[in-house]
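Below: the structure, in structure tokens.
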Amino acid sequence: MSAPLLKIEIKLGYKLLLLFMGILTLYASIITAMYDPQLGAGINALAESMPEFFAVFGMQNPGVTLLDFLINYLYGFILILIPLIYGIIMCHRLAARYVDRGSMAYLLNSHYSRGQILGTQIFVLLSGLLILVAYGVVLLLLCSHFLFPGELAVPEFLVLNLGLLSLEIFLASFCFLFASLFNEIKYSIGLGAGISALFFLIQMLSQVSEDARFLKYFTPLTLFSPEQLIQYEAPALLRVILLLALAAIFFTAAWAGFKKRDLPL
């Protein structure tokens, strides 16, 4: 790993991380404050009256507990999308931007190898995702404690976020792979971002009706099962391990491909 490059990336990237933490604060705090145990039955009735609308955003089962509420309104869409967008931007900044601007030559003229340079960038990417998800965990724990003391099932909540982090690492590794293998922006970032957006679209369509339910097998987002995770179901926990294993494969492929890649210097 390159310590000088790490310092530069931290200096360049902390403002972006703060921005996304601010966005996360806005959405998470407002939605948590909207929880009302007395309205649980009413929300369920509303979901039953407009099932297609709620299903598109993964809100087909609102539930009545605080954890059910958070899963329904945050972990079905918002808390997946925000770190994903951060990851896509960081993949561009950490891998594709240097090649696109012709700055990679300066990095390669240092005494650090390609593998060390890319390893540093992967570390920065994973650190940012970890900080963002961990911040969301602490934020929701504090909001729940002060607004609804004793309502949140903390152990199940932590397991849920372990699954979320695994999903975000997987999606980031998928985007990083393309950013490391291609020279042109339309491929290096466009493919990762475009296919990730397609994953969301497929998941939305799979939740709309029974006829489209088979589409869930065509998106890795299905591997993240919040309702099953909080029940500690073995298949859901195994899928978390699978996400991390796939992420390791993608990062390894990105590292190996970047080392052999013909860079336009």
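The values are calculated or read from the model by the stated rules, or taken from the named source; none is laboratory data. Since we're looking at a predicted model, the values are computed, not measured. Ideal geometry is used to build each Cβ from the backbone, glycine not excepted, and the neighbour counts take in all protein chains shown. For accessibility, only protein heavy atoms count, side chains too; no ligands or nucleic acids. Shrake-Rupley method; radii C 1.70, N 1.55, O 1.52, S 1.80 Å.
Data for the structure
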item	result
Pair list, Cβ under 9 Å, 6 or more apart: the stretch 235-252 residue under 17 Å from Cys91 (Cβ atoms) and of a type in the set (Lys, Arg), other residue open to solvent by less than 70 Å² (accessible area, probe 1.4 Å) and not in a helix (DSSP H, G or I)	none
Pair list, Cβ < 8 Å and 6+ apart or interchain, from the stretch 184-204 residues that are free of Cβ contacts under 8 Å to residues at least 60 places away in the same chain and within 19 Å of Leu223 (Cα to Cα) to residues that are exposed (fewer than 14 other Cβ atoms within 10 Å of the Cβ) and acidic (Asp, Glu)	none
Criterion violated by Ala197 - all others in (1) surrounded by fewer than 15 Cβ atoms within 10 Å (Cβ to Cβ); (2) small (Gly, Ala, Ser); (3) within 30 Å of Ser113 (Cα to Cα) satisfied	(3)
Count of the stretch 180-194 residues which are buried (at least 20 other Cβ atoms within 10 Å of the Cβ) and β-branched (Val, Ile, Thr)	1
Residue within the stretch 201-223 that is buried (at least 16 other Cβ atoms within 10 Å of the Cβ), of a type in the set (Gly, Ala, Ser), closer than 16 Å to Ile80 by Cα and modelled with pLDDT under 90 present	no
Any pair with Cβ under 8 angstrom, 6 or more apart, that starts in the stretch 1-19 at a residue that is more than 23 Å from Val133 (Cα to Cα) and ends at one that is open to solvent by 80 Å² or more (accessible area, probe 1.4 Å)	Met1/Phe123
